1. Sort through Asp86, Asp125, Asp94, Asp146 and tell me the only one that's closer than 14 Å to Ser30 by Cβ and among the charged types (D, E, K, R).
2. If you take the residues in region 43-78 that are in contact (Cβ under 8 Å) with a residue 24 or more places away in the chain and outside any strand (DSSP E or B), which one is nearest to Glu2 (Cα to Cα)?
3. So, of the residues in region 6-28 that are under 14 Å from Leu83 (Cα atoms) and not charged (D, E, K, R), which turns out to be surrounded by the most Cβ atoms within 10 Å (Cβ to Cβ)?
4. Taking region 1-23 on its own, how many of its residues are in a helix (DSSP H, G or I) and under 30 Å from Ser134 (Cβ atoms)?
5. Starting from residues that are touching a Ser or Thr at 6+ places or on another chain (Cβ under 8 Å) and either of a type in the set (S, T, N, Q) or within 13 Å of Glu79 (Cα to Cα) (or both), keep the ones in region 29-43 and report whichever is surrounded by the fewest Cβ atoms within 10 Å (Cβ to Cβ).
6. Please find, within region 85-102, the residue that is nearest to the chain's Cα centre (by Cα) out of those that are of a type in the set (D, E, K, R) and surrounded by fewer than 11 Cβ atoms within 10 Å (Cβ to Cβ).
7. When the residues of region 58-76 are narrowed to those that are charged (D, E, K, R) and surrounded by 11 or more Cβ atoms within 10 Å (Cβ to Cβ), which ends up modelled with the lowest pLDDT?
8. Working carefully through the options Leu61, Leu136, find the one that is under 22 Å from Phe11 (Cβ atoms) and among the aliphatic types (A, V, I, L, M).
Amino acid sequence: MEFQDLVNKLFASEEFKKFKQEKEDAFPCSGFFSIDVNEKDNKQHIDYYVPSENKVYSFKLESGCEKIPTEFQDNKKPEKISLNYDFNFQVMRDMIVTRMNKEGLKNKIQKLLFSFQHSSEKGKDYLLGTIFISGLALLKIEISLDEKKIESFEKKSFMDMMKVFKGKKDKKK
């Protein structure tokens, strides 16, 4: 799945064209991509922020570019992202598998969740990934889109997370 194919699908939709005419100050602020290895539950959303309304609209590309108003809880205003990236989600997956092999991980990828965001701290756009893998574990990764490389890579097990949650409950008592 090519990122630019998704962007082109969005730009070609009548729903989006109408939206851009009505909301001239809107700009892209994030994206969400869920990739199921079995291809049963893939989702692709590109979100636009409208400063004049202080509102975010999510376009569900898997549902014919359906526009959904969304609430955001953060007081921080969304930042603009560029949609001028040329990457393929299969290549990103292959990059993750290569890194897993380098780290000696034998687990299999089950589902990939990517959040496309801008980091004002780093001054660039990136993909933040949560990768569900076999063995009740997950990977937390960050991929630089400019350099197309993994900048951070961390394996977590669900058991480790349960210990953290249990520890927080114990401290409240």
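1. After ruling out the rest, the residue left standing is Asp125.
2. Leu61
3. First pass over region 6-28, keeping only residues under 14 Å from Leu83 (Cα atoms): 6-11, 26-28.
Of the ones still in play, those that are also not charged (D, E, K, R) are 6-8, 10-11, 26-28.
Values: Leu6: 20, Val7: 18, Asn8: 12, Leu10: 22, Phe11: 13, Ala26: 20, Phe27: 14, Pro28: 20.
Only one residue tops the list, namely Leu10.
4. Final tally of qualifying residues: 3.
5. By that ranking, first place goes to Asn42.
6. This residue is Asp86.
7. Here is the first cut: in region 58-76, the ones charged (D, E, K, R) are 60, 62, 66-67, 71, 74, 76.
If we keep only those that are surrounded by 11 or more Cβ atoms within 10 Å (Cβ to Cβ) as well, we get 60, 62, 66-67.
Values: Lys60: 96, Glu62: 91, Glu66: 94, Lys67: 95.
Top of the filtered list is Glu62.
8. On inspection, the qualifying residue turns out to be Leu61.
The values are calculated or read from the model by the stated rules, or taken from the named source; none is laboratory data. Model, not experiment: these values are computed from the prediction. As a convention, Cβ positions derive from the backbone with ideal geometry for all residues, glycine included, and neighbour counts pool all protein chains shown.
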